[in-house]
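The values are calculated or read from the model by the stated rules, or taken from the named source; none is laboratory data. Predicted, not measured: the structure shown is a model, and the values here were computed from it. Glycine also receives a Cβ, built like all others from the backbone with ideal geometry; neighbour counts cover every protein chain displayed.
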Amino acid sequence: MNKSVAQSLDEFVQRLIKTYAAPGSVLQTEWDENWPSPCEQGQPDERGLIRWQPVKREHPGDFSVTEQALEMTFHEDVKSFYGRYWSEGLDASTPRGALQLIQPWNEEDFERLLQNLVGHVLMKRRLKQPETLFIAVTDDDDFIISVDNATGNVMLEQVGLEPTEVLAQSLSEFIDQIEPAMPSH
């Protein structure tokens, strides 16, 4: 049986939370009173940092307006991936290096993410390349991790070039292959 992206992402988030349960480890980010999120826990500390934890969304993200504007349907895996949680980016490691799974922090961030996905798809069309949807950034600014919208394959993509390397046959398979990591910043 193939696992769903939701199952794989839930399991990854649980592993991440377990990783940060170790003494001295905590998920923190800079607090911004104008950028609230359901992820925030408690009050900011004296350094202006706030604890956070991924939180399942009450309602999945809505991609319909963006899909209509682009006259395309986003791959279901990508919609499940971006529509399941409110979260800061999720740090992960692979044998090839560090990456960060992109996640929306709040509704405004989700809207910004959709705009960035539109820009990415329009760039791919302009370059006459297959449409991909990014899901992660790597520790090398020239490379992103994306999903081929037609096949669902997870690809290593050099920005501006057609991706040639398949990292996994599906997004759930890819998520199952990576390990939670402490942030590198």
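Data overview
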{"item": "Residue within region 45-53 that is surrounded by 14 or more Cβ atoms within 10 Å (Cβ to Cβ), aromatic (Phe, Trp, Tyr), under 19 Å from the mean Cα position of the chain (by Cα) and within 18 Å of residue 174 (Cβ to Cβ) present", "result": "no"}
{"item": "Sole residue being farther than 19 Å from residue 169 by Cα and surrounded by 12 or more Cβ atoms within 10 Å (Cβ to Cβ), chosen from 113, 133, 99, 127", "result": "113"}
{"item": "Residues being part of a helix (DSSP H, G or I) and over 18 Å from residue 78 (Cα atoms) - total across region 124-156", "result": "2"}
{"item": "From the options 93, 87, residue that is under 26 Å from residue 167 (Cα atoms), polar (S, T, N, Q), crowded, with 19+ Cβ neighbours inside 10 Å and in contact (Cβ under 8 Å) with a residue 40 or more places away in the chain", "result": "87"}
{"item": "Residue match in region 13-36 (condition: surrounded by 15 or more Cβ atoms within 10 Å (Cβ to Cβ), more than 29 Å from residue 173 (Cα to Cα) and either in contact (Cβ under 8 Å) with a residue 12 or more places away in the chain or of a type in the set (S, T, N, Q) (or both))", "result": "yes"}
{"item": "Failed item in (1) closer than 24 Å to residue 69 by Cβ; (2) surrounded by fewer than 20 Cβ atoms within 10 Å (Cβ to Cβ); (3) β-branched (Val, Ile, Thr), with residue 138 passing the rest", "result": "(1)"}
{"item": "Single residue of 118, 147, 154 found to be under 17 Å from residue 95 (Cα atoms) and at pLDDT 95 or above", "result": "154"}
{"item": "Region 1-20, residues that are modelled with pLDDT of 90 or more and not in a loop (DSSP other than H, G, I, E, B)", "result": "5, 6, 7, 8, 9, 10, 11, 12, 13, 14, 15, 16"}
